[in-house]
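Here's the structure, in structure tokens; my notes come after.
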Amino acid sequence: MGGYYGLAVLVGVASLLTTGQCDVSCGGTDGHAGEAGAPGRDGWPGPKGEKGEAAMMADGPVDAGVLLRLKGEIGSRGSQGAMGPKGYRGDLGALGRPGDPGLRGPEGKGIGRGQHSLHRSQSAFSAIRTDSSYPRYNKVVTFQNTVFNTPGDFSAAGGHFTCRVPGVYYFTFHCVAKVTMCLYIATDALYDKVGFCDYNSRSWDQVLSGGVVLQLTAGQKVWLESFSDQQTESDARDGREKQIIFSGFLLFSNSE
């Protein structure tokens, strides 16, 4: 019985709460703002826009300042790259047509006419020393026989060739001896002498040869001269047979 009574009381209270009018003081409290939701996904790309109209060139002179602002600055020059491999040689091209004839050269210089003019452009000699004594050191070698001497520019007794026709000459000598021989081709046209040596330790006949081309002017001299290098005292006193041949000739004169 008591249980039914308690249930009736609870039902009565609930009826009062639902049917009664609330005054002003019974308002509820404000709620809190909700939390932000997660970001949404990117939308689809929009359609491509229409092509714009071409720019219009203004009439009149173009402002250089505007062009400079439009054009970028020149960059610094880069470093040189590595050299590439050498290419293959190409095929030989077709033969070209002959060129036009060149201009006529200046008229050459004559060497004169007649027998006397011809002799002035010639000079040659060859002489033989048959003296068996050893040529004295630092002295001009003299000769006993003249094989050829045209027109007479070589002095056998003095041993000198004297230039009469300025030009280019060739001089040579050959010496046969059983001892060591050293000879200069000497000239006042050079500061130094041209020396040649043949060292003979077996007392056999040996040949020493030498030659030189010289540019000479009129009056300059050329001669042979003995000099000491590794000779012994017995070499310098040697009296066995010896022979020296000295020759020279004009290659071409300065007037040719």
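Read-outs throughout are calculated quantities, based only on the coordinates presented, and are distinct from any laboratory measurement. Bear in mind that the values here come from a model prediction, so they are computed numbers and not experimental data. A quick note on method: Cβ atoms are made from the backbone with ideal geometry, for glycine too, and the neighbour counts reach across all protein chains shown.
Things to note:
- Rg(Cα) / (2.2 N^0.38 Å) computed for the stretch 146-256, rounded to two decimals: 1.16
- Within the stretch 213-256, the ratio Rg/Rh, alpha carbon atoms throughout and Rh by Kirkwood, equals 1.16.
- Cut-off under 5 Å, modelled amide H: who pairs with residue 167 long-range: 216, 254
- For the peptides 201-213, 35-47, 122-134, the ranking by packing is 122-134, 201-213, 35-47, with the highest mean count of neighbouring Cβ atoms within 10 Å listed first.
- Per-residue ³J(HN,Hα) for the stretch 214-227, Karplus 6.51 cos²θ - 1.76 cosθ + 1.60, θ = phi - 60°, Hz, x for Gly and Pro: 10, 9, 10, 10, 4, x, 6, 10, 9, 7, 9, 9, 7, 9
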